[in-house]
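Undergrad: Mind looking over this structure? Questions follow.
The values are calculated or read from the model by the stated rules, or taken from the named source; none is laboratory data. Model, not experiment: these values are computed from the prediction. Cβ: placed from backbone, ideal geometry, glycine included. Neighbour counts: every protein chain shown. The protein model used for the area step is the full one, side chains on, heavy atoms only, and it has no ligands, DNA or RNA in it. Shrake-Rupley method; radii C 1.70, N 1.55, O 1.52, S 1.80 Å.
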Amino acid sequence: MPLVCLTDFQAHAREHLSKSTWDFIEGGADDCCTRDDNMAAFKKIRLRPRYLKDVSKVDMRTTIQGAEISAPICIAPTGFHRLAWPDGEMSTARAAQAASICYITSTYTSCSLEDIVAAAPRGLRWFQLYVHPDRQINKQIIQKVESLGFTALVITVDVPKVGNRRHDITNQVDLAKKLLLNDLRSPETVNSMPYFQMSPIDPSICWEDLSWFQSMTRLPIILKGILTKEDAELAVKHNVHGIIVSNHGGRQLDEVPASIDALTEVVAAVKGKVEVYLDGGIRTGNDVLKALALGAKCVFVGRPILWGLACKGEHGVKEVLDILKSEFHTSMTLTGCRSVAEINQDLIQFSRL
């Protein structure tokens, strides 16, 4: 049977992956309230279509940080793609390049950055950074990604420590034994322990440290993990170039707002001074439309990319992206939007259910 929606890929991927790998990909923190709310919150929003408009031509193109993409649907940073497919992030990068959208490569990639770039040399790529306690290692990573043609630095801010992921504890997941992270090892441990195993994320990182990162690179800096207007205002004050409204797919602090519920106050707080993006819970083209109507410039998709990868590798990722793009095109057409610029808050209402 053909796979016709993202939940079809989800079911198919579950059959292909080991229990521990599936639990690692799907698991959230604690009771998984936020993970599940990310999707449920979209269903509380209804669409208000406008008819008798000429929608014979619908243009999904937009820009992020000045670069054109074919649709406002891009790939969020997720780690360890080789858990899902042998070619890992190389397959993901090729699919993103073919779709003419952006792929944010994770710090915890299971392929070398050189191999990822070689696999998709024309792709639009950003790099997601987990801040290491050693400033010199951060500097080396930033210089490397800049030299390899990554065009933005995405700093994840919601992981001063890893969330309480019960499935991984139960399954005794030790990714370091499964995968060697080729790029991200400190020099003295190249022949011994993988970087992921021995390198903690810096819990001391604070707003004042952003100036140091800005001094290290010419790349635009985007903060991933903002959920409140207070932090959004501080991000603008500290001259970042973008914000990804995100709760880490519900994998960090449980019982925080769904990403789509946090989006409105962040968009209002930045007052158009920086671009705002969203990840978390995107499963349909309608979801994409709702996020854009509430002020997101673009959405980033996480788990469904891994589902596609687990099913069919590069071709599976391409199919997932094609489904979302096709659904989004239909959503635009049926609500009377001829371009992304026409998507606005008048198209939605919040359900009382």
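Undergrad: Looking at Leu210, is it at pLDDT 65 or above and either at positive phi or not in a helix (DSSP H, G or I) (or both)?
TA: no
Undergrad: Quickly run through the stretch 23-35 and pick out the residues that are assigned to a loop (DSSP other than H, G, I, E, B) and open to solvent by 40 Å² or more (accessible area, probe 1.4 Å).
TA: Asp30, Asp31
Residue-by-condition table, conditions (1) at pLDDT below 95; (2) of a type outside the set (Gly, Ala, Ser); (3) at positive phi:
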residue	(1), (2), (3)
Gly280	no, no, yes
Asp287	no, yes, no
Leu294	no, yes, no
Gly308	no, no, no
Val317	no, yes, no
Asp322	no, yes, no
Phe328	no, yes, no
Ser339	no, no, no
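Undergrad: Condition first: surrounded by fewer than 19 Cβ atoms within 10 Å (Cβ to Cβ), closer than 30 Å to Ser147 by Cβ and of a type in the set (A, V, I, L, M). Now tell me which residues in the stretch 235-263 satisfy that.
TA: Val236, the sole residue that qualifies.
Undergrad: Being under 20 Å from Phe42 (Cβ atoms), assigned to a strand (DSSP E or B) and touching a strand residue (DSSP E or B) at 6+ places or on another chain (Cβ under 6 Å) is the requirement here; does Leu263 meet it?
TA: It is false that Leu263 is under 20 Å from Phe42 (Cβ atoms), assigned to a strand (DSSP E or B) and touching a strand residue (DSSP E or B) at 6+ places or on another chain (Cβ under 6 Å).
Undergrad: Take the residues of the stretch 74-105 that are closer than 19 Å to Phe24 by Cα and among the polar types (S, T, N, Q): which is most open to solvent (accessible area, probe 1.4 Å)?
TA: Here the residue is Thr78.
Undergrad: With the checklist (1) small (Gly, Ala, Ser); (2) closer than 24 Å to Ile222 by Cβ; (3) surrounded by 15 or more Cβ atoms within 10 Å (Cβ to Cβ) in hand, flag the one item Ser20 doesn't pass.
TA: The failed condition is (2).
Undergrad: Can you find a residue in the stretch 235-242 that is at pLDDT 95 or above, β-branched (Val, Ile, Thr), in a helix (DSSP H, G or I) and farther than 26 Å from Ser211 by Cβ?
TA: no
Undergrad: A further question follows. Tally the residues that are assigned to a loop (DSSP other than H, G, I, E, B) and either surrounded by fewer than 20 Cβ atoms within 10 Å (Cβ to Cβ) or of a type in the set (Phe, Trp, Tyr) (or both), restricting the search to the stretch 107-126.
TA: 4
Undergrad: If you scan the stretch 40-98, which residues turn out to be at positive phi and among the aromatic types (Phe, Trp, Tyr)?
TA: Passing the criteria: only Phe80.
Undergrad: Could you grab me the full set of residues in the stretch 287-320 that are touching a strand residue (DSSP E or B) at 6+ places or on another chain (Cβ under 8 Å), surrounded by fewer than 21 Cβ atoms within 10 Å (Cβ to Cβ) and more than 30 Å from His238 (Cα to Cα)?
TA: Once the filter is applied, which keeps residues that are touching a strand residue (DSSP E or B) at 6+ places or on another chain (Cβ under 8 Å), surrounded by fewer than 21 Cβ atoms within 10 Å (Cβ to Cβ) and more than 30 Å from His238 (Cα to Cα), the stretch 287-320 yields nothing.
Undergrad: How many residues does the stretch 274-290 hold that are touching a residue at least 60 places away in the same chain (Cβ under 8 Å) and either among the small types (Gly, Ala, Ser) or more than 19 Å from Ala11 (Cβ to Cβ) (or both)?
TA: 9
Undergrad: Also, I was wondering about something else. Do you know which residues across the stretch 264-275 are open to solvent by 10 Å² or more (accessible area, probe 1.4 Å) and β-branched (Val, Ile, Thr)?
TA: Across the stretch 264-275, the qualifying residues are Thr264, Val267, Val274.
Undergrad: Considering only residues of the stretch 321-351 that are under 21 Å from Ala96 (Cα atoms) and touching a Lys or Arg at 6+ places or on another chain (Cβ under 9 Å), which is least open to solvent (accessible area, probe 1.4 Å)?
TA: Leu324
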